[in-house]
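Asks: Before I ask anything, let me first share the structure, which is written out below as structure tokens.
The values are calculated or read from the model by the stated rules, or taken from the named source; none is laboratory data. Model, not experiment: these values are computed from the prediction. Ideal geometry is used to build each Cβ from the backbone, glycine not excepted, and the neighbour counts take in all protein chains shown. For the accessible areas, the whole protein counts, side chains as well, though only heavy atoms, and no ligand, DNA or RNA atoms are used. Shrake-Rupley method; radii C 1.70, N 1.55, O 1.52, S 1.80 Å.
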Amino acid sequence: MKKGKKLYEGKAKIIYSTSDKNLIIQYFKDDATAFNNIKKSTIEGKGVLNNRISEHILNNLSQIGIKNHLVKRLNMREQIIKLVEIIPIEFIVRNVATGSITKRLGIEDGTVLDQPLLEFCLKDDKLNDPIIAEEHILAFGWATKKELEKVKKMILRINDFMIGMFRGVGIKLIDFKLEFGRLKTDGKTEVILADEISPDTCRLWDTITDKKLDKDRFRKDLGDLIPAYTEVAKRLGILHEQSNVSAVNVTKLRPLKKRK
Ligand code: 5GP
């Protein structure tokens, strides 16, 4: 399959066309941004780690029946994904209150929620991704009632699965962001999981020490982002234990598994 022209460049990824009109290539950049692009940096190796971690999680979700856009990882920085029409909503799932909700509602940082809390934000950088109600989504036709019901069911399963997956490797899944898209096949439209799931889009704390192993290391100037993402990859079994954590040593990454 041939890589075509650049279709879109976002804050952390670039999308390219391919010779197949239904497939695109997602390239993971090393760029890190926060606070709607006010804070920017390049962190060497971040894209490589996110590509691998997201591949691992999306493949696992596929195995439990969560359909998603990932076709296969191509190389260290690129994945072939299905072309979908992205629903312009960021679905935020919270298990523990931290980040924006603590400021917005005055909730104490670290409050464990009795049940997962789902929030909706409009995907619009110019408006600062404002939080919206389900009624706004329906009123402005950003998604249908049926789509929302399906997405909510998928989100609960994804959250349950990911809580367990991370708990098994000594990590607490605090919160995360998901995106979904409409896949059109043979005249039928189906909503599937899209974008990425990585330490850029999740808050992950070490179970014992509460050490942050996610993008808050960049947002809060804590440093050592690559060692933290590497630690996540190692615990998930993606990287060998002896891998150097101070830099991404590409030779130590496991080779691609052959797919049928
Ligand atoms: P908060 O609303 O507290 O800033 O973020 C909640 C969760 O959603 C965090 O895990 C955060 O990483 C993720 N999140 C929310 N908005 C975005 C976004 O625009 N980009 C990324 N990468 N993650 C986001």
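Asks: Starting from the Cα of ARG167, step 7 Å along the direction of its Cβ; do the same at ASP125; then give the gap between the two resulting points in nm.
Replies: Each label point is offset 7 Å from its Cα along the Cβ direction, giving 3.8 nm.
Asks: For the range 118-162, report the % of Cα-Cα distances exceeding 17 Å.
Replies: 40
Asks: Let me ask something else. Rank LEU239, LEU213, LEU148 by mean-square fluctuation in a GNM of the chain with C-alpha springs under 10 angstrom and give only the top-ranked residue.
Replies: In the Gaussian network model the winner is LEU148.
Asks: Compute the length gained on full extension between LEU156 and GLN63: take 0.36 nm times their separation in residues and subtract their Cα-Cα distance, giving the result in nm to one decimal.
Replies: 31.9 nm
Asks: Label ALA34 and ASN22 with points 7 Å out from Cα along Cα→Cβ: what is the distance between them in nm?
Replies: Taking the simple label geometry, ALA34 and ASN22 are separated by 4.1 nm.
Asks: Rounded to the nearest 20 Debye, what is the dipole magnitude of the chain about its Cα centre when Lys and Arg each give +1 and Asp and Glu each give -1 at the C-beta? Present the calculation step by step, with values, prior to reporting the outcome.
Replies: Values: 49 positive and 36 negative charges, 244 e Å.
Value, rounded to 20: 1160 debye.
Asks: Quick one: grab the alpha carbon gyration tensor of the chain, order the square roots of its eigenvalues as a ≥ b ≥ c, and give me rounded if a/c is under 1.5, else prolate or oblate depending on whether a/b is larger than b/c.
Replies: Because its axes are fairly even, with a/c under 1.5, the chain counts as rounded.
Asks: Which value, in Å², gives the accessible area per residue of the chain when a 1.4 Å probe is used on the protein heavy atoms?
Replies: Ligands and nucleic acids excluded, the result is 52 Å² per residue.
Asks: Ignoring ligands, DNA and RNA, what percent of the 1.4 Å accessible area of the range 86-206 is carbon and sulfur?
Replies: Carbon with sulfur: 55 percent of the solvent-accessible area.
Asks: OK, next. Would you please give the FRET efficiency between GLU44 and GLN115, computed as 1/(1 + (r/R0)^6) with r the Cβ-Cβ distance and R0 = 41 Å, to the nearest 0.05?
Replies: 0.55
Asks: Shape call for the range 86-206 from the C-alpha gyration tensor, a ≥ b ≥ c root eigenvalues: rounded (a/c under 1.5), prolate (a/b greater than b/c) or oblate?
Replies: oblate
Asks: Next up: Using a Gaussian network model of the chain whose springs link C-alpha atoms within less than 10 Å, name the residue from ASN159, ASN51, ASN22 with the highest mean-square fluctuation.
Replies: Largest GNM mean-square fluctuation: ASN22.
Asks: Hand me the chymotrypsin sites (Phe, Trp or Tyr not before Pro) from the range 1-97 located in a DSSP loop with no more than 15 other Cβ atoms within 10 Å, in residue order please.
Replies: Details: sites: TYR8, TYR16, TYR27, PHE28, PHE35, PHE91; in loops: PHE35.
Listed in order of number, the matching sites are PHE35.
Asks: Okay, next question. With 10 Å bins from zero, work out the P(r) of the range 41-129 over every alpha carbon pair and list the percent per bin.
Replies: The distribution over the range 41-129 is 13, 28, 40, 18, 1, given as percents.
Asks: Right, here's the next one. Could you give the length gained by full extension between GLU149 and ASN75, i.e. 0.36 nm per residue of separation minus their alpha carbon distance, to one decimal place?
Replies: Going from the current span to full extension adds 23.1 nm.
Asks: How long is the gain from LYS2 to THR207 if the chain were fully straight, where each residue apart is worth 0.36 nm and the alpha carbon distance is subtracted?
Replies: The span from LYS2 to THR207 would gain 69.5 nm if fully extended.
Asks: Go through GLY45, ASN128, MET76 and say which Cα lies farthest out towards the positive end of the charge dipole of the range 42-193; charges sit on Cβ, +1 for Lys and Arg, -1 for Asp and Glu.
Replies: Selected residue: MET76.
Asks: Take the alpha carbon gyration tensor of the range 180-232, find the square roots of its eigenvalues, order them as a ≥ b ≥ c, and report rounded if a/c is under 1.5; if not, report prolate when a/b exceeds b/c, else oblate.
Replies: prolate
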